[in-house]
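Bear in mind that the values in this text are calculations on the coordinates, not laboratory data. In this text the structure is predicted, and so the values were computed from the model without any measurement. Neighbour counts run over all protein chains shown; Cβ positions are idealised from the backbone, glycine included.
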Amino acid sequence: MARMTKGTKVLSATTVAAMLTIAVCWLGATAVTTAADAPANPEGLKLFEAKIRPILADNCVGCHGPDKQKGKLRLDTREGLIKGGMDEDKVVKVIEPGDPDKSMIIEAVNYKNEDIQMPPPKKKENRKLSDEQIKDLTEWVKLGAPYGEKPVESTKKPDEK
Ligand code: HEC
C-alpha cells in the first residue's frame, strides 16, 4: 500500500514538471513571437507606407534585397532588418527598435562614421539622404520600425544599384 502511494506521488510530480515545461515553452514562444512581430503601431505603419517604403525602395533595397545582399543584409522585410548583416562569421546587428541612438542603420545614413556610410558615397554623386529623409527614418526607428505587409521592392534597375 505504501509503495502504491509513493508511486502515485512520483507520477504526479513528473506530470506537474511536464506541464510546467510546456507552460514555460509556450510563454517563451509567445514572447519571442511578440518581439519579432511589428508592434501594432498605426502611427509607425502610416509613416512606413508614406515615407519609409519609398526611401528604402529608392536607396537601399537594390543592394540589400532579393537580388543582392551586401553585407549579407536585407532591408526589404522587417525579418531581414532584425536579423541584421554578417561580417565574416559575425552577426552585425543593425537596429535596436525604439532606440535610434543604438541603431547602426541610423548611424550609417547620418554619415557620422567613416567606416559605414549608407547609401555608399559615389565619386561623382552625393548619395547621402536628405535631412528630411534621415529625420523620418529616425522617427520610424523610434516607433519600433514596423513594416507593412508587402516586402519593399527596389525601384532601381539591376544595373543601377
Ligand atoms: C550600392 C550598394 C549599396 C546601397 C545602395 C546601400 N548599401 Fe548598405 N551596404 C553595402 C555594402 C557593400 C555593405 C557591406 C559593408 C561595407 O562594405 O561597407 C553594406 C552594409 C550595410 C550595413 C551594415 C551591415 C553589415 O553587415 O555590414 C547597413 C546597416 C547598411 N548597409 C544599411 C544601408 C541602408 C539603410 C541603405 C539605404 C539608405 C543602404 N545600406 C544602401 C552596399 C549598399
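Being within 19 Å of the chain's Cα centre (by Cα), basic (K, R) and either surrounded by fewer than 10 Cβ atoms within 10 Å (Cβ to Cβ) or not in a helix (DSSP H, G or I) (or both) is a description that does not apply to K124.
Does region 84-111 hold any residues that are among the β-branched types (V, I, T), assigned to a strand (DSSP E or B) and more than 8 Å from the ligand (Cβ to nearest atom), and which are they?
Matches in region 84-111: V91 only.
Selection of region 54-79 for residues being within 15 Å of V91 (Cα to Cα), assigned to a loop (DSSP other than H, G, I, E, B) and more than 7 Å from the ligand (Cβ to nearest atom) yields only R74.
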